[in-house]
């Protein structure tokens, strides 16, 4: 890949690479992105070269981030917010989540290669001599879907944001969180909060950061409680709606203790499948007691929803997911890295202004 990056850099200008990266991530397919480039900038490239430019640029972005060549012009000390008492403070949020991306399996690659070989074999002998030798097959995935982690650091107004991606597993996620926390100057903010969707592994990874609290996203929390209400009290019944409203109010404004007591009283008369549904909810909230701290967050003026995280999971995978799309995992990560760069405050312009230095 380093050789490909060097060859691409030598033959294609920075401006063209930037346009290819923009169209390659905005378009629904590489051929459409190439057509957009042709119509908008009068630049005509082959589809394969266009794809190579986009994917190699994404890998260059990942390399530049890893080598700490992409510095931010802001930090947590500039992320101002207001307390409920009207005082000015500085506040940052940190969040992480995993997304599944469709990958090309080894079986699919073998099938494609067999089809190409058959076509070449059936090609008339006179034309066969002009065919280039087939390149080695890149190893395919052992599963149809693989996980890529997305992280985001942002302020109260979301004017400052740093987005990161990694296809590496838990250790890779921890490394990414630590690195980007330092880049964003997390410790410079006086108030530092974490938000996750409830996955225990995400909480344990966020615990490596100097956060003052980690909160369970209220939307995911409400979804679990609402599902239990449907399974025990019926869907859209007056009793179900009243119970759900009362229980969520207790959790949000009275604290975990009154909320959990309400659940115990609700569970007591239930039997059979309804009792199992109640036990499932209790089994979900009990290990997350420390994260169900909405009363404390409200007192500090902290968000309890992970909307910015969910949004970044959506935009970074918009180009990756779709009917018929399959990727080598490193190429999927590369395209997501380009979108993460664009979504990070100030980094897109900084990267391209310093593009010639990133490969050295």
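Coordinate-derived values only; no laboratory data. All values derive from a computational prediction rather than experimental measurement. Note: ideal-geometry Cβ built from the backbone for every residue, glycine included; neighbour counts use all protein chains shown.
Expressed as a rounded percentage, what relative contact order does the chain have, with Cα pairs under 8 Å and six or more residues apart?
This gives 24 percent for the chain.
Note down the Stokes-Einstein diffusion coefficient of the chain in µm²/s, whole number, using a Kirkwood radius over alpha carbon pairs, 37 °C, and 0.692 mPa s.
Answer from the Stokes-Einstein relation: 141 µm²/s.
Considering all alpha-carbon pairs of segment 35-85, what whole percent are spaced by more than 14 angstrom?
72 percent
Note down the Stokes-Einstein diffusion coefficient of segment 295-360 in µm²/s, whole number, using a Kirkwood radius over alpha carbon pairs, 37 °C, and 0.692 mPa s.
Value of D from the Cα-based Kirkwood radius: 225 µm²/s.
Only bridges whose two residues both fall in the chain count here: according to DSSP, what percent of them are antiparallel, nearest 5?
Of the beta bridges lying entirely in the chain, close to 65 percent run antiparallel.
Pick from 280, 337, 114: which is most flexible by mean-square fluctuation in a GNM of the chain where alpha carbon atoms under 10 Å apart are linked?
114
Need the full-extension length gain, residue 254 to residue 113, defined as separation in residues times 0.36 nm minus the C-alpha distance. One decimal, nm.
44.6 nm
How much length, in nm to one decimal, is gained on full extension between residue 71 and residue 28, taken as 0.36 nm per residue of separation minus their Cα-Cα distance?
Computed gain between residue 71 and residue 28 is 12.4 nm.
With r defined as the distance between the Cβ atoms of residue 353 and residue 132 and R0 fixed at 45 Å, what FRET efficiency is calculated, to the nearest 0.05?
0.75
Hey, could you grab the Kirkwood Rh for segment 73-120? Inverse mean 1/r over distinct alpha carbon pairs, Å, one decimal.
By the Kirkwood definition, the hydrodynamic radius is 16.2 Å.
Using a Förster distance of 56 Å, how high is the FRET efficiency between residue 200 and residue 125, based on the Cβ-Cβ distance and rounded to 0.05?
0.35
Calculate, axis by axis, the spread of Cα positions in segment 219-291 along the three principal axes, and write the results as whole Å, longest axis first.
29, 22, 21
Who wins for biggest fluctuation among 87, 202, 19 in a Gaussian network model of the chain, springs between alpha carbons below 10 Å?
The residue with the greatest mean-square fluctuation here is 87.
Hey, how many Å between the Cα centroid of segment 15-30 and the Cα centroid of segment 127-197?
Going from one Cα centre to the other spans 20 Å.
Can you tell me, using C-alpha contacts under 8 Å and at least 6 residues apart, the relative contact order of segment 219-291 as a whole percent?
31 percent
Counting DSSP beta bridges with both partners in segment 141-244, what percentage is antiparallel, nearest 5?
65 percent
Where in segment 207-229 does the label zone of residue 170 land, with the point 7 angstrom along Cα→C-beta and an amide N cut-off under 16 Å?
So the set is 207-209.
Only Cα pairs within less than 10 Å get springs; with that Gaussian network setup on the chain, which residue of 165, 208, 196 has the largest fluctuation?
So, out of 165, 208, 196, the one fluctuating most is 208.
Provide the convex hull volume over Cα atoms per residue for segment 98-144, in Å³.
For segment 98-144, the hull spanned by Cα atoms encloses 81 Å³ per residue.
Along its principal axes, what span do the Cα atoms of segment 208-360 show, with the longest given first and each in whole Å?
If we take the Cα atoms of segment 208-360, the spans are 69, 42, 27 Å.
Radius of gyration and Dmax for segment 143-201's Cα atoms, expressed in Å?
Just the Cα atoms of segment 143-201 yield Rg and Dmax of 12.8, 43 Å.
Can you tell me the orientation of helix 30-41 relative to the chain, as the angle in degrees between its alpha-carbon axis and the longest Cα principal axis, to the nearest 10?
Orientation of helix 30-41: about 70 degrees from the principal axis.
Please work out the FRET efficiency for the pair residue 145 and residue 241, using the Cβ-Cβ distance as r and a Förster radius of 51 Å; give the result to the nearest 0.05.
0.90
What nm value, rounded to one decimal, do you get for the distance between residue 265 and residue 321 when each label is placed 7 Å out toward the C-beta?
Placing both labels 7 Å along Cα→Cβ, they lie 4.0 nm apart.
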